Each structure stands twice: as C-alpha cells, then as structure tokens.
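Novice: Shown below is the structure under consideration.
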C-alpha cells in the first residue's frame, strides 16, 4: 500500500494522541493544538486503538472525516480512552502501559462482490437496515480469519446481524488504512 503520511507526520499524530490522552485522563482537559502541515489539515477518517500489555483497551474512530485529521485523532484518542462501551475509562495508573495505534482511512467504496475483499488490506463496513459494523484491515491479520470468518464475525459480533447477512443483501463497503503505532 502506498504510504500517504511521512514518518514526521505519523510521529506528530502519535504525539497529539499521547498528549491528549494523558491530559484528558489526568485533568479532564481537551488540549488545543496548532497545526500547519497540509496533510494533517485534510479531512480524513481515523481510528485510535489503545492496547494495554498487548490487549485491546479501547478503539473508536470516524470512518468519514469530519474535520482536520489532527483534530479527529485528538477527539478519537479521548473517545478511545473514555467512551468505548466495552471498557471502563483508562485510569491514570495505566497511562505508562498504554500503547497507541492510529489508522488513517481511505474513503470507503461499495462492493457487491465479497471476493474483492483482500484480507489484511481492506477494512469492511457492513450495513443492513439500522444496523452496521466495521472491522479495520488489521483485524484479519491479527485473527488469521478467512474472508468468510471475517465477514461472519463482522455481521454477528459487530453489527448484531445474522451471521450470514453478508451473503443475503447486506451492503458492504471497503476501505484501506494506513496503520502506525508507537
């Protein structure tokens, strides 16, 4: 995959996420940052994933950009640390052991053929009715799932749909992600 961000830009986004989480967990304060780098001012979707001793500790993001990338990363860092319903908010005592991963997303595109989904390259969004869910590309790599296992889990575990909804008319969208971590 073509890298869209330089090492310096990735480092800056990771700094923003780290400083944001530490300040918010300690004081409840949402930091303001000044950013002049054009790539970090682009409107892009992003997820911030937190790991504690290699275990998932929080993961929240916006698939579609809703403002400058650096502010999306700041806001998703706070959300991952404090709003992921699967976890209690991150405690100050955990901060030194939290590792941060950022996924900057491409614009999703619809697909009607599940065979076009490349495991480890594509993230997938599934929607049917009012329900939907998303897996980032790295989920396939981390789990070792086949495409069928990946889509079945996405439908059943993330979207609350029938496990085979992806075979029966659910909408599928794919995207790529530039993933980097501390």
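Novice: (1) assigned to a helix (DSSP H, G or I); (2) at pLDDT 95 or above; (3) outside the structural domain of residue 28 (by TED's automatic domain parsing): which one isn't true of residue 141, the others all being true?
Specialist: (2)
Novice: Across the stretch 154-166, which residue is farthest from residue 107 (Cα to Cα) among those that are under 17 Å from the mean Cα position of the chain (by Cα) and part of a helix (DSSP H, G or I)?
Specialist: The residue in question is 157.
Novice: Look at residue 9 and say whether it is surrounded by 14 or more Cβ atoms within 10 Å (Cβ to Cβ), out of contact with any strand residue (DSSP E or B) (no Cβ under 8 Å at 6 or more places or on another chain) and farther than 17 Å from residue 75 by Cα.
Specialist: Yes, satisfied.
Novice: On to the next question. Answer yes if at least one residue in the stretch 136-155 is touching a helix residue (DSSP H, G or I) at 6+ places or on another chain (Cβ under 9 Å), within 23 Å of residue 180 (Cα to Cα), surrounded by fewer than 22 Cβ atoms within 10 Å (Cβ to Cβ) and in contact (Cβ under 8 Å) with a residue 40 or more places away in the chain, and no otherwise.
Specialist: Checked against the condition, which is being touching a helix residue (DSSP H, G or I) at 6+ places or on another chain (Cβ under 9 Å), within 23 Å of residue 180 (Cα to Cα), surrounded by fewer than 22 Cβ atoms within 10 Å (Cβ to Cβ) and in contact (Cβ under 8 Å) with a residue 40 or more places away in the chain, the stretch 136-155 yields no hits at all.
Novice: In addition: Answer yes or no as to whether residue 101 is touching a residue at least 60 places away in the same chain (Cβ under 8 Å) and surrounded by 16 or more Cβ atoms within 10 Å (Cβ to Cβ).
Specialist: yes
Novice: Of the conditions (1) within 15 Å of the chain's Cα centre (by Cα); (2) outside the structural domain of residue 14 (by TED's automatic domain parsing), residue 151 fails just one. Which one is it?
Specialist: The single condition residue 151 does not satisfy is (1).
Novice: I would also like to ask the following. Among 73, 126, 90, which is the only one that is in a loop (DSSP other than H, G, I, E, B), at pLDDT 95 or above and surrounded by 21 or more Cβ atoms within 10 Å (Cβ to Cβ)?
Specialist: 90
Novice: So, in the stretch 167-181, how many residues would count as being in a loop (DSSP other than H, G, I, E, B) and surrounded by 19 or more Cβ atoms within 10 Å (Cβ to Cβ)?
Specialist: Going through the stretch 167-181 one residue at a time, the tally reaches 2.
Novice: Being over 21 Å from residue 95 (Cα atoms) and either crowded, with 16+ Cβ neighbours inside 10 Å or touching a strand residue (DSSP E or B) at 6+ places or on another chain (Cβ under 6 Å) (or both) is the filter here; which residues of the stretch 43-66 pass it?
Specialist: Within the stretch 43-66, 44, 45, 46, 62, 63, 65 qualify.
The values are calculated or read from the model by the stated rules, or taken from the named source; none is laboratory data. Computed from a predicted structure; not experimentally measured. Reconstructed Cβ throughout: ideal geometry from the backbone, glycine too, with neighbour counts over all protein chains shown.
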